[in-house]
Ligand SMILES: [Cu+2]
């Protein structure tokens, strides 16, 4: 009852140490977390008060043996039904939130993300490089920290793959983590609410340079994204520069 009252009154609940979620999906998870936390506080407060009350009210006053009985029907019904109701409510909210978080839209901007030992590739299949059939892409190995450029306020659909071993795509501020698995395609949506740069990292220990599998997600305005994509489409081939940067990165790690 207290939890519902707090939520309905629209009062600003504290974050209880969690990220608020910079994506619409991440924010849904955050709200669920707040709900669970408030439910936990209520249960704790009730149990704590009952313990305190029984300690004070029924502490030893004399050597007389108190009234003995085996059960109390009202209480037993109460402490069976109430937890069941709590679990059902938490389950329903979890179910709703999970559906919102895992719901995918195929009309979104698509980014093909490939994790590999040790770096990331972000490909934009809808945008081809001038005069070719090759999609615009960003490739970064080890200390290069590649940037996934995306429009803010729009839904982005991510297809996540791995080239070799299991990696993890994780942006802490999005409250979301997903495996990149070899031979298996994972997909999810991100709707980043504000422009900004968000740090991401690989969350599966995937080998020697696992620690260097850092990337960034830069959310810009749709107009800025268009400008970025247009510049990328007409940019000259950078394979040589990528190879050079790779060698340089490896040299720097030694
Ligand atoms: Cu990895």
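The values are calculated or read from the model by the stated rules, or taken from the named source; none is laboratory data. Computed from a prediction, not measured in an experiment: that's the story for all the values here. In this analysis, Cβ positions are derived from the backbone assuming ideal geometry, glycine residues included, and neighbour counts consider all displayed protein chains.
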Go through 101, 92 for me and flag whichever is surrounded by 17 or more Cβ atoms within 10 Å (Cβ to Cβ), more than 16 Å from the ligand (Cβ to nearest atom) and in a helix (DSSP H, G or I).
101
Output the number of residues of segment 162-209 satisfying the condition of being surrounded by fewer than 20 Cβ atoms within 10 Å (Cβ to Cβ), within 16 Å of the ligand (Cβ to nearest atom), part of a loop (DSSP other than H, G, I, E, B) and at negative phi.
9
From (1) within 11 Å of the ligand (Cβ to nearest atom); (2) under 22 Å from residue 27 (Cβ atoms), pick out the condition that doesn't hold for residue 214.
(2)
Taking into account only those residues within segment 104-130 that are away from the ligand (no atom under 13 Å from the Cβ) and in a loop (DSSP other than H, G, I, E, B), which is nearest to residue 179 (Cα to Cα)?
104
Select from segment 137-152 the residues that are at pLDDT below 95 and not in a strand (DSSP E or B) and list them in ascending order.
142, 143, 144, 145, 146
What is the number of the single condition among (1) surrounded by 17 or more Cβ atoms within 10 Å (Cβ to Cβ); (2) touching a residue at least 40 places away in the same chain (Cβ under 8 Å); (3) closer than 28 Å to residue 28 by Cβ that residue 107 does not meet?
(1)
